[in-house]
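Asks: My structure is below; once you've seen it, I'll send some questions.
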């Protein structure tokens, strides 16, 4: 057996490739870290200054059907900003209305229908609120 010498040769056929620019990745270049000790010191110093923070209330999230009538009205009156207006059915003793709750006070509700007509009804006459869907 004899050894063969391996010789590197240039390719016989050249295919021209465009030289593409590499995409530049925009990544985070800086990072700031504060230790827990510094945060606790800053928190204790703000308490010493007399600045009281308002206690935040955390409510357990309920389904709309599980809420009481007053909770439903409070939810619809202060609807989160990421939700579109909710069309609901407002059931009273003698009549029912469909529309969006515009304003809710202790004595009356203002409901706007699809055409934009506003109706004011008494809060005491309201029996139930049922969600129909989103308005667009």
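Every read-out reported here was derived from the displayed coordinates using simple, explicitly stated rules and does not represent laboratory data. Everything numeric here is computed off the predicted structure, so don't read it as measured data.
Asks: Could you work out how much longer the chain between residue 71 and residue 106 gets when fully extended? Use 0.36 nm per residue separation minus the Cα distance between them, nm to one decimal.
Replies: Difference between extended and current length: 11.3 nm.
Asks: Based on a Kirkwood Rh over C-alpha pairs, give the Stokes-Einstein translational diffusion coefficient of segment 64-134 at 20 °C and viscosity 1.002 mPa s in µm²/s.
Replies: Taking Rh from Cα pairs, D becomes 177 µm²/s.
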